[in-house]
Structures are given as C-alpha cells and as structure tokens.
1. Hey, if you put +1 on the Cβ of every Lys and Arg and -1 on every Asp and Glu Cβ in region 218-279, which of G248, L225, I264 ends up farthest toward the positive end of that dipole?
2. Kirkwood hydrodynamic radius for region 248-343: how many Å is it when counted over pairs of different Cα atoms?
3. Counting only residues 5 or more places away or on other chains, whose amide H sits under 5 Å from the amide H of S60 once H atoms are built in the peptide plane?
4. Return the subset of K85/K229; K229/K282; K102/K229 for which the Cα-Cα distance in this structure is over 32 Å, preserving the input order.
5. With an 8 Å Cα cut-off and a minimum separation of 6 or more residues, compute the relative contact order for region 43-146 in percent.
6. Calculate, axis by axis, the spread of Cα positions in region 99-253 along the three principal axes, and write the results as whole Å, longest axis first.
7. Tell me, what ³J(HN,Hα) does each residue in region 268-279 have, in order and in whole Hz, if you take phi through Karplus 6.51 cos²θ - 1.76 cosθ + 1.60 with θ = phi - 60° and put x for Gly and Pro?
8. With charges only on Cβ, +1 for K and R and -1 for D and E, what is the dipole size of region 164-235 about its Cα centre, in debye, rounded to 20?
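The values are calculated or read from the model by the stated rules, or taken from the named source; none is laboratory data. All values derive from a computational prediction rather than experimental measurement. We place every Cβ from the backbone using ideal geometry, glycine too, and count neighbours over all the protein chains shown. Each accessible area value is taken on the protein alone, full model and side chains, heavy atoms only, with ligands, DNA and RNA left out. Shrake-Rupley method; radii C 1.70, N 1.55, O 1.52, S 1.80 Å.
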Amino acid sequence: MTVSRTSLRAAPLLLTVAALVAGCQPQGNTTAPAPSMTQGAHAVTGTATYRERILPPPGSTLRVQLLDNLLADTPNAVIADAMVKDVGGPPIAFTLPFDPAKLRTNGQYGLHATLAGPDGAPLFASVTRVPVDPAANKPVEIAMVHVAAPAADAPSTATSPPPTNWQCGDLRVGAVFDNVANTVTLSYSGRSRSLPLAVSGSGARYADYAGNEFWTKGDSGTLTLDGEKLECTRTNVASPWDDARSRGVAFRAVGNEPGWLVEIGRGDAPSLHAQLDFGSRKLDIASVQPRAKGDGWTGKSANGTQVELITERKPCQDDAGATFDVTAQLHAGGKTYTGCGAFLSK
C-alpha cells in the first residue's frame, strides 16, 4: 500500500484534533446523580418538596398517600400508602405502588404528603391534595408547607376540647385531643398512645405509620390498634384505669379466677388497697415498702395479714384480650393471685 507524503503530514494534525475532542467529553459528575425513580403502570412517582431551608432531623419520615377523592368520607379513601425513611433535604423522591384493581372508571384521585420527625410529629405537610392520574406514568411534585409550632407568647387560636371517653368493643378508651399540636392521646388498659392528625374528607382522623388509627364523626367512630378494628361509641364513663390515675394511683393490677384487683398509691411509702375473691374480701394497708429488688411492694394489714405484690415488666394479656406491659402476682393470706397491671403516669 502506498502512502502519500500529504497523508503523513496530516496524520499529526488529525491526532491532535482527536485528542482535543476527547478532552472536551464529560469525564463524570462532581456530585453523585440523584437516584432514579422507578416508573411503571402500577406506581406513582415524584418528589415532595418545600421552600424553607430547613434540614429534617435524622430519622425523619415522608409519608405519601394516594386518595380517591370521591370516597373521601369513607375508610376506603386511601388507595395506596408509602413511606420514605431517614429522608434528607428536599426534593425527596418517592415511589408509591398501587393496586390498579382499586381504581374506578372516571375516578378522581389526589396525593397527600406529610414529613414527620423521628417522634412522629408533623414538620411539613401538603395543604391540598395534588391532582394525579395514577395511570399517566408521569412524575408528580407535591409542595408542602411548614407546620410551625405557635410562639410561647402567642395567643392560642385553637382551643382543645375536654377529654372524652369511648367504648370501643370491649375496650374503654380515653381520648385527649390537642388542637395546637394536632394530636390525640389515647389511654386504655393503663397504656397510652399518641396519634398525629391525618388527612380525611370528614370527621377527625388521627393515624400513625404503623396503621393505628382513631377516626371519629360525632359520637361514633372506629379505632384500629395493632391491626384490630373496633367500633366506638362515646360514653360518659371513664375507664377504671383513667379513674385510678385521677385518684392518684401509681400502679394497678387486675386478674380473674377469682376476680381481684390491687392499687398502689404514690410516694416512697404508698398505700395499698386490694379487693379479692370477686370483692368478697378487702385489704387496706396504710403504708407498704418496696421489695428489695425493686420489683413490687410488701406490707402487713392491721389484722396481721402479710401481703406481697410482685411485678415483672413483661407482656401480659387478660381474658378479654387486652394487652398490658406488666405481669403481677399478689400473695395475700396464703393465696396467690395472678394477673396483669400497669404503672400509671400522672
């Protein structure tokens, strides 16, 4: 093969041009690319954002819900629910899978987002539902606003109603609504649980990320606790646990076969009151002493009956299915009574 002198002279020039062109090609981003969002026919993808230059605390969580606007007054309004854990600053990417069988012909749908801190308290939330066509397969942006706490010296614009009592199945529940913090604190079986305000078409709905929910409309409602849904009706009678707390009881335990209860007052040397054998026998001790291991109390009644209450912090369930945090044993007059109990906060 014959190579001309002209071609040989042009070769260095071509190599130089090729090197310059190669040098102009991008050699990689200086910052990591944003994670890709999986798009599909059965998922809504997008970002949730806000304007404030506030970084959420570690452990914050974004919750996004796909809602059927025409079913807003029913529990079936939520079509899909997804969470993004340990989020950083905005924009926060999300993928919300949904079941296409839950969509209705000519349905109207919207998105709602809440960014909550590690304690579950809302930090940012969308004010209105963002319209969305779930089948459109197009990313959606949800704008959120800051849920600011009121200043300490600012007058309250929302008054919280007095505590209410509810009969939910066999469970008596106390509810304290806080219209400033937008939470409800539920008390039942000596336990308590706080739920933040959630979106609803009507009524007052409070729910957390674990699926627990309290939704009331007037004097009726529903309560979902640990996966069990109960129908609720408002009542004027407080639960015996709330009643005991209001009387200054620090610890209360109950049991069956035979039916019994015991209540311990507050202080270093509290009083003890017990009703045994379905209430046919009562014991009252003005002052009992803590056990050496700190796991209960011991004392002697006026007639010389030795009484010892032993508590163990392990899950306990009574005959009605209510769950407690403490197992209790009461030894009195040669008999042993076993049941469940709870330490009652002030």
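1. G248
2. Details: mean 1/r = 0.0759 Å⁻¹.
With all distinct Cα pairs of region 248-343 included, I get 13.2 Å.
3. Here the answer is D86, V87, since their amide H atoms fall under 5 Å of that of S60.
4. As for pairs spanning more than 32 Å Cα to Cα, those are K229/K282.
5. On the way: 238 pairs, mean separation 39.6, N = 104.
Dividing the mean separation by the residue count of region 43-146 yields 38 percent.
6. 58, 44, 28
7. 6, 10, x, 7, 10, 10, 9, 10, 10, 6, 6, x
8. On the way: 7 positive and 8 negative charges, 24 e Å.
Computed about the Cα centre, the dipole is about 120 debye.
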